[in-house]
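S.K.: The structure is given below, and queries will be raised subsequently.
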Amino acid sequence: MTEAIEAQTPSRALAVRLWRAELAPRWPWLALAALLTAITAAAASAYAFVAHWAVGLLESRDPSVLWLAPVVVIAVAAVRGVSLYLQTIQTNRIALKVMQSLQQAMYARLVTADFARLASEPVGALISRFINDITLLREALVRAANNLLRDTLTIAGALAAMFYFDWLLALFVLVVYPLAAIPVTRIGRALRRTATKSQTQMGEVTSFLEESFSGARMVKAYGLEAQEQDRARTAFLDRYRLLLSMTASKARVDPLLEVFGGIAFAGVLAFAGWRAVTGEAGVAEFVGFIAAIGVMAPAVRALGTLSAVMQEGFSVLARVYAVLDETDRVTEAAGAAPLKVTKGAVKLEGVGFSYGEAAPALHGVDIEIPAGKTVALVGPSGSGKTTVLNLIPRLYDPQAGRILIDGQDIRGVTLSSLRGAMALVSQDAVLFDDTVKANIAFGRPDAADAEVEAAAAAADAHDFIMALPGGYDARVGPKGNALSGGQRQRIAIARAILRDAPVLLLDEATSALDAESETRVQQALERLSQGRTTLVIAHRLSTVRAADRIYVLDGGRVAESGRHDDLLAKNGLYARLCRLQFGE
């Protein structure tokens, strides 16, 4: 998809959008950078005039050339050095600010995007957009800011000097040098296509690394180090080949410019020498003209290589704007009102859902969760249990039917009020690399310390928290790896208790725990569920025996429903699942 968008987005359109959105609002910074750039370019062009003036003094045998010319040269160099330093600082400041703005905009867009959008792309690929892509864009912006205007002005100043010294020679240079632009432009276009592939591939490599290191425990437990090394070798080899192709494309630019520059310089020497020998031009003009070419040649070469860098930047910019321009499928209706929770009753009426073009995950599902009651969803893997849970907070929207909370269609209420009425505890307790207190207060950052501790006590977590170095101020480590599975789960339950939401969603909350931890967590969940409308998904059927109602899903349909004993008496799918688990 990115490559298609990239191919359809002209560089001019991308540049105009970047200018309007990011650069034009910072015009004072740009004006200062432009002033410093102009001073730098003027100082560079001044070398040609200084050379012409110094040779004139030599021709007239003026003794002041011995001391005055060096002073002037040093003064010009000092001005150029200071202005170049300040210009570099200012242009980098602008580029870094634009980079920060785009990162923030892209993060804001993704963090508020549909859950389906986030789930469709590996985490590593998303991270690559913020690090690798944006770094390439920053480099392109810095090169453009440092070189584009400065080198253009330098070339303009050098050409002005050439026309001043010998207009006929200047015309000759103008004919030869632009010929190099034709192959350089073609190389730039090819490089942009390769750059798009490179950025996509970098996302894949980053995703592989994130996946491999996150699964280090499984890799070692199964002795898969050699297999992972083979995967890494393939990924890095593909990366090497693509980068080598890009390097080869870039490497062609400098030789082309060198050859055309050499041809131009040789022609100028021959032409200028002939004019000097015939007396049509003086030695001072000849030296000044050669000095002007010496000033212009590096600027021309820099602009030529800048084209390749800019094409990489445009490729990144297309990917960034592709993210910013994505539209959500789960949106608030016009005039959506806040959800009014009076009791907390949840009802699914004829709900149908499918993931893209895949076979439907749900077919006309009817489920009712009375206010303050606990309803469990059980069934084989792939039966649609998690899909039902994801539809209630509108992580997805059903293609058929509707979902009601206290009689209100959830599509007609604001997303913030809908999700604010719910608390989720899942199998994988999501903790952040922060303090225990911050993780418990994640849903209510303004909660008082006493409230946090009360929630932890209710979740059977207070005692082990106090035993940690630092207590509630102890850091839990990345993904909570400083805690055991049971401890992480009780922290997650404390977070849900503190949120005090009327609707509770429990997704396999105890399936990954040992027997002792499961018992403690189950007791905490029972306390959490009291007085709340609770939907429980569980593979361990022992955890749903006491549910007020159990819905058995099979193939995206409700196969049967009732209480535990009633379902056993029916001797249907639920009874078969129970026999498989504990022989009832």
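Coordinate-derived values only; no laboratory data. It should be emphasised that the depicted structure is a prediction, and the values quoted were computed from it without experimental measurement. Glycine also receives a Cβ, built like all others from the backbone with ideal geometry; neighbour counts cover every protein chain displayed.
S.K.: Sort 450-457, 387-394 by packing, meaning the average of other beta carbons within 10 Å per residue, with the highest value first. Each step should come with its number before you reach the end.
M.R.: Numbers: 450-457: 18.8, 387-394: 21.2.
Descending packing order for the listed peptides: 387-394, 450-457.
S.K.: Let me ask you something else. Using amide H atoms built 1.01 Å from N in the peptide plane, name the residues 5+ places from ALA376, or on other chains, whose amide H lies under 5 Å from its own.
M.R.: The list, which skips near neighbours in sequence, is VAL536, ARG549, ILE550, TYR551.
S.K.: Give a residue-ordered list of calculated ³J(HN,Hα) values for the stretch 388-395 (Karplus: 6.51 cos²θ - 1.76 cosθ + 1.60, θ = phi - 60°; whole Hz; x for Gly, Pro).
M.R.: Here the 3J(HN,Hα) series is 4, 4, 5, 6, 5, x, 6, 5 Hz.
S.K.: Can you give the Rg to Rh ratio for the stretch 399-472, taking only C-alpha atoms and Rh from Kirkwood?
M.R.: Details: Rg = 16.7 Å, Rh = 14.9 Å.
Looking at the stretch 399-472, the ratio lands at 1.12.
S.K.: Tell me, in nm to one decimal, what length is gained between GLU349 and LEU244 on full extension, where the rule is 0.36 nm per residue of separation less the Cα-Cα distance?
M.R.: Values: separation 105, 0.36 × 105 = 37.80 nm, distance 5.72 nm.
So the extension gain works out to 32.1 nm.
S.K.: Report the GluC sites (Glu not before Pro) located in the stretch 298-338 that are in a DSSP loop and have at most 14 other Cβ atoms inside 10 Å of their Cβ, or state none. Let's see the in-between values first.
M.R.: On the way: sites: GLU312, GLU326, GLU332; in loops: GLU326, GLU332.
Here the GluC sites (Glu not before Pro) that fit, given the DSSP loop and packing criteria, are GLU326.
S.K.: Oh, and also: Can you list residues from other chains, or at least 5 along the same chain, whose modelled amide H is less than 5 Å from the amide H of ALA559?
M.R.: For ALA559, whose amide H was placed from the backbone, the distant partners under 5 Å are VAL552, LEU553, ASP554.
S.K.: For a footprinting-style exposure proxy, rank MET162, MET106 by other Cβ within 10 Å, fewest first. Mind showing how you got there, number by number?
M.R.: Numbers: MET162 28, MET106 20.
Fewest-to-most Cβ neighbours within 10 Å comes out as MET106, MET162.
S.K.: Can you give me the convex hull volume of the Cα atoms of the stretch 81-184, divided per residue and expressed in Å³? Could the numbers behind the result be given before it?
M.R.: Working: hull volume 14.0 nm³, N = 104.
Value for the stretch 81-184: 135 Å³ per residue.
S.K.: Write down the Kirkwood hydrodynamic radius of the stretch 348-458, to one decimal in angstroms, obtained as one divided by the mean of 1/r over all alpha carbon pairs.
M.R.: Working: mean 1/r = 0.0611 Å⁻¹.
Its Kirkwood hydrodynamic radius stands at 16.4 Å.
S.K.: For the pair THR327 and TRP29, what calculated FRET efficiency results from E = 1/(1 + (r/R0)^6), where r is the Cβ-Cβ distance and R0 = 35 Å, to the nearest 0.05?
M.R.: Details: r = 33 Å, r/R0 = 0.93.
It comes out at approximately 0.60.
S.K.: Also, quick follow-up: How much net charge surrounds VAL476 when only the other residues with a Cβ under 13 Å from the Cβ of VAL476 are counted, with Lys and Arg +1 and Asp and Glu -1?
M.R.: Values: positive: LYS437, ARG475, LYS479, ARG488, ARG490, ARG495; negative: ASP433, ASP434, ASP473.
Taking every Cβ under 13 Å from that of VAL476, the sum is +3.
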